[in-house]
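The values are calculated or read from the model by the stated rules, or taken from the named source; none is laboratory data. If you're wondering where the values come from, they're calculated on a predicted model, not measured in any experiment. Virtual Cβ from ideal backbone geometry, glycine too; neighbours counted across all protein chains shown. The protein model used for the area step is the full one, side chains on, heavy atoms only, and it has no ligands, DNA or RNA in it. Shrake-Rupley method; radii C 1.70, N 1.55, O 1.52, S 1.80 Å.
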Amino acid sequence: MPLRDLLLGLLVIAIWALNIIVIKVGVAELPPLLMTTLRFMLVAALLVPFYPVARAQLPFLLLLSVTFGSLHFALLFIGLGQAEAGTGALLVQMGTPFATLLAVIFLKERLGPKRIAGLLLSFSGIIVLAGGPTLPTPLPLAILLCSALGWAVSQLLIKRGPPIAPLALAGWVALFAVPQVALGSWLFENGQWQAMQQASWLGWSAMIYTAVMSSIVAYGIWYALLRRHPVNRVVPMTLLTPVFAVGLGALLMGDSLGFHKLMGGGLVVAGIALIVINFRWRPHHP
């Protein structure tokens, strides 16, 4: 991979890692479901007018808005409001092992010894994290793992669904998710109008960052890299996201860096590496 593309890949990873911190900043000022609603409204407004889709694709996008919009993103914002940034980032990475298991169950994909070892390592990492003081209480822990499951289900749907341009998918999923998440905010949150009036520039900047930088800029660069290079060279870089997030959480938010987080996080990342990286050896021909 040329140095320019490698740096672009690392930029995307940095944007996504900082996104975890930014969400925590935002939900400190805006109720999480309200912030998710505003984020989806902005993404939809910026993308839908420029990325039309066929009418036949709308039912698929509506289904994806439930799993990706409501289950993954809404639960991510709620869970991060009650967990340390680095720990939250590690828990959300469990989407990869979940997706692997779902592919075995529903798509009849085979599990080789390497992927089985990866699954065992990643789940053992969660157990080690559970023994430490930084793991959130059972409810936010369950919420973040459900968010990871929502991501995993969405990846399987995208894999089996019709081919849709990534930014078109992001825009229309956001559009269909707006009423779902807004209804959740109306039912389960209060003081939304006051929160919007009282939110500082930091709160509003956080919402804009999650919409523009994380969903549009980062994904736009990422899919361009996937078009130019083999998946196996690009996707493993995502393993750096929780590493960056843990570091940024300690640096910017004062999160702890104890044994359980470092050891458990290391096991999670190592396990996911075994799942996503193709270690096939290719003989060199002069």
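Mind listing just one residue for me: the one in the range 262-284 that is assigned to a helix (DSSP H, G or I) and either open to solvent by 70 Å² or more (accessible area, probe 1.4 Å) or among the polar types (S, T, N, Q) (or both) and, of those, modelled with the lowest pLDDT? Step by step, filter the range 262-284, then rank; the result is L262. Of everything in the range 248-261 that is open to solvent by 40 Å² or more (accessible area, probe 1.4 Å) and modelled with pLDDT under 80, the residue that is farthest from the chain's Cα centre (by Cα) is F259. Does Q82 count as of a type in the set (S, T, N, Q), open to solvent by 30 Å² or more (accessible area, probe 1.4 Å) and under 23 Å from A148 (Cβ atoms)? Spelling it out, Q82 is indeed of a type in the set (S, T, N, Q), open to solvent by 30 Å² or more (accessible area, probe 1.4 Å) and under 23 Å from A148 (Cβ atoms).
Pick out, from the range 1-112, the helices (runs of 4 or more DSSP H) lying fully within it that include 1 or more residues that are small (G, A, S) and at pLDDT 95 or above.
Working: elements: 3-27, 32-47, 58-64, 75-80, 85-92, 95-106.
Result: 32-47.
Within the range 209-228, the set of residues being surrounded by fewer than 16 Cβ atoms within 10 Å (Cβ to Cβ) and over 20 Å from Y51 (Cα atoms) comprises R228 only.
So how many residues does the range 192-231 have that are of a type in the set (G, A, S), over 17 Å from the mean Cα position of the chain (by Cα) and modelled with pLDDT of 90 or more? Can you show your working first?
Within the range 192-231, the subset of a type in the set (G, A, S) is 195, 199-200, 203, 205-206, 211, 214-215, 218, 220, 224.
Filter once more, so that each one left must be over 17 Å from the mean Cα position of the chain (by Cα): 195, 199-200, 203, 205, 224.
In the following step, the residues that additionally are modelled with pLDDT of 90 or more were identified as 195, 200, 203, 205.
Going through the range 192-231 one residue at a time, the tally reaches 4.
Taking the range 172-208 as the range and being small (G, A, S) and buried (at least 16 other Cβ atoms within 10 Å of the Cβ) as the test, the residues that pass are A174, A177, A182, G184, S185, A195, A199, G203, A206.
When residues in the range 241-279 are screened for being among the hydrophobic types (A, V, I, L, M, F, W, C) and in contact with a Ser or Thr (Cβ under 7 Å, 6 or more places away or on another chain), 5 of them pass.
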